[in-house]
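Below: the structure, in structure tokens.
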Amino acid sequence: MSLLEELIQYSNDIVEGNIVACKKHKWACQRFLNDLAREGTEEFPYVFDEEKANNFLDWMRFFKHTKGPLAGTLIEPHIIQRFNFGNIYGWIKIKNGYRRFKKSYWQVGRKNAKSQSEACVGNYETFADGESASEVYCAATKTKQAKIVWNEARLQVKRCQFLKGKNKIANGQIIHIKSDSYMTYLSKEDGKTGDGFNPQCGIIDEYHAHPTSEMYDIIVSGMGSRTQPLMMIITTAGYELNHPCYSVEYKYVSNILNPDSTTENDEYYVMINELDKDEKGNLLDDIKDEKVWLKANPIVAENEVGLDYLRGELKAALDAPEKMKTFLTKNMDVWIDKRASGYMEMDRWKACGDDKFDLNILKNAECIAGLDLSAKIDLTSIDCEFKLDDGKRVVLSHSFMPKDRLAAKMDQDKVRYDLWEEQGWLTLTPGSVVDYKYIKKYIKDKERLYRWRFKEIVYDPWNATQFAQDMESDGYTMVEMRQGIRSLGEGTKDFRDEVYAGNIIHNNNPVLTWALGNAVTKEDANENIMLDKAKSTFRIDPAAAAMNAHARMIIINPNAGHSVYAKRGMRSLL
């Protein structure tokens, strides 16, 4: 049977359920079958070159397993490896013969030959791809993590008879003598900016652990002059849903596979091996059912040694619940949100989002606005909360930042404030400090366009006295909200409870979502909580504004329709 025939048979077996696989694995196989059906057409100018696919798989066979029960024996690529890398290296562009795929994402459980696969790719791009002076980078935030794949590649090369005399390993580089190509490791700890880099291939291992996309961006930004670059991500799931692997990449590549999504990217290869969840994020598979382990572990769960390993990990997780997070993310490849002191389970927040929310629904509606007027050089936010007739609440947010500080804040916070401004979630005010007149303009615009009625505007009195007085003179009721557990504790807990109950509606504002994902809490002796700005890794200003609004909202009598503080003017909540 030829490789192509084998991959077609494998894809059909996956799609038809003859081989246990998760939904997204099935989507990936159906994508392959669909691509074969339309290859070489005007709308799909790619063809599958079996020889090129076999070239890479034969390359893997030059190397030996470096660890485990097969250590010292030659690698025979597993079917999941043959499928993945057959796709990555087999599909080419008709017009020039260059590779179709410029990026790849493979999410799979621990011990499923991730490092071995990455090392084979790195060595291929260094020694065998035909590029002169190729630069291959194994990237991570920590040097120790970046060296894992590099060390695997080094061992493969040292133990490969075919490469004897063709390589040099020195000063953190694996060098192909003939072409001057090399593979090295790169980490944030090194303080590299990416200037002068010209990567042929970038390998990011365990991307879930990266708090920002900095290393990813450094590599991608340097690939522009390469004819067929490859950015490769292989990772397990994790529990930091605000990190770019989940919040950006996983969501994006899932949509590429999803046949019901409009997202298309013919140059991005995707394979996801995980347990299945329903639309609300609840597991559909029983983690004690060994048959479903294949979904996340297509290699490990296929042999008795691997099954024994997984049985041991499950037993440890059942005996010690604090280990369950690791078992779910690393072995079952399930994304969960269980950060220590993390305020919000972000999958619950996501479930409350509505991309098509129509602001006209709120015409003539009454709201409580919460302000977080942080230092004028930072992010400032206003959040408005509305109570609907059915008891649900709508939360809408907008943020402000001084234009002259944009570049510095993007570099400091590692987020795309510029993109959020383009999308309308953020207003850049002229100069180097936030001009509070733009907050007043935002309020006036909403009153004019939608006739919103701002019952009260709640604010942290720090750094806001003059603004509050100006707004009061314009006829608004300004209410101080002291930033302590006594004043914010009940509202902070209740807001989360309402989200988990599905009673909050939001319009998927990425700035607010980012802030809630950043938020951690502090707790007093009575288990009352509030958001803790000091311990939050990144900014939480929009979330803090939402807490100010909600803490005040729940004080108001929901049946009376007006504030218990009816007299206009400034009031203080201690």
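The values are calculated or read from the model by the stated rules, or taken from the named source; none is laboratory data. Keep in mind the model is a prediction, meaning the values are calculated, not measured. A quick note on method: Cβ atoms are made from the backbone with ideal geometry, for glycine too, and the neighbour counts reach across all protein chains shown. We work out accessible area using only protein heavy atoms, side chains counted, and drop any ligands, DNA or RNA first. Shrake-Rupley method; radii C 1.70, N 1.55, O 1.52, S 1.80 Å.
Under the convention that each Lys and Arg Cβ holds +1 and each Asp and Glu Cβ holds -1, the size of the dipole of region 55-167 around its Cα centre is about 280 debye. Spatial offset of region 1-17 relative to region 420-469 amounts to 58 Å, using the alpha carbon center of each. The largest accessible area among ARG99, ARG110 belongs to the first residue in ARG110, ARG99, and the rest follow in falling order (1.4 Å probe, all chains). Between PHE495, PHE454, GLY484, the Cα set farthest toward the positive side of the dipole of region 413-506 (charges on each charged residue's Cβ, about the Cα centre) is that of PHE454. Ordering ASP276, ASP354 by accessible surface, largest first, gives ASP354, ASP276; the 1.4 Å probe counts only protein heavy atoms, with every chain in place. When peptides 29-40, 230-241 are ranked by their average number of other Cβ atoms within 10 Å per residue, the highest-first order is 230-241, 29-40.
Distances between placed amide hydrogens fall under 5 Å for VAL479 paired with ILE457, VAL458, TYR459, ARG571, all partners being 5 or more residues away or on another chain. List the relative contact order of the chain as a percent without decimals, with contacts defined as Cα pairs under 8 Å and 6+ residues apart. Once normalised by length, the contact order is 12 percent. Shape verdict for region 58-199, please, from the Cα gyration tensor: rounded (a/c under 1.5), prolate (a/b greater than b/c) or oblate. It is rounded, given that a/c, with a ≥ b ≥ c, falls under 1.5. Measuring nothing but alpha carbons in the chain and taking Rh as the Kirkwood radius, the Rg to Rh ratio lands at 1.03. Could you sort out which of LYS251/LYS291; LYS251/LYS295; LYS23/LYS533; LYS147/LYS323 sit more than 28 Å apart by Cα distance in this structure? Too far apart for the 28 Å limit: LYS23/LYS533.
For region 451-503, the solvent-accessible area with a 1.4 angstrom probe is 45 square angstrom per residue.
Oblate is the label for region 221-272, because a/c, from the alpha-carbon gyration tensor with a ≥ b ≥ c as root eigenvalues, is 1.5 or above and a/b does not exceed b/c. Sorting the segments 178-187, 217-226 by their mean number of nearby beta carbons within 10 angstrom, highest to lowest, gives 178-187, 217-226. Among the listed pairs LYS111/LYS164; LYS142/LYS325; LYS363/LYS440, which are separated by more than 26 Å between their Cα atoms? Exceeds cut-off: LYS111/LYS164. In a reduced charge model with +1 at each Lys and Arg Cβ and -1 at each Asp and Glu Cβ, the chain shows a dipole moment near 1140 debye about its Cα centre. Taking a ≥ b ≥ c as the square roots of the Cα gyration tensor eigenvalues, region 406-471 comes out oblate, since a/c reaches at least 1.5 and a/b does not exceed b/c. Only alpha carbons enter this Debye calculation for region 1-85, each as an equal point scatterer, and the log10 of I(q)/I(0) it gives at q = 0.12, 0.17, 0.26 Å⁻¹ is -0.45, -0.81, -1.23. Only protein atoms count toward the accessible area here, which uses a 1.4 Å probe; on region 1-40, the carbon and sulfur part of that area reaches 46 percent. With point charges of +1 on the Cβ of Lys and Arg and -1 on the Cβ of Asp and Glu, referenced to the Cα centre of the chain, which listed residue (VAL334, ILE234, THR429) lies farthest in the positive direction of the dipole? Going by the charge dipole, the pick is THR429.
Per residue, region 19-89 exposes 44 Å² of solvent-accessible protein surface, assessed with a 1.4 angstrom probe and all protein chains in place. May I ask for the angle, rounded to the nearest 10°, between helix 79-90 and the longest principal axis of the chain, with both axes built from Cα atoms and the value confined to 0 to 90°? The answer is roughly 90 degrees.
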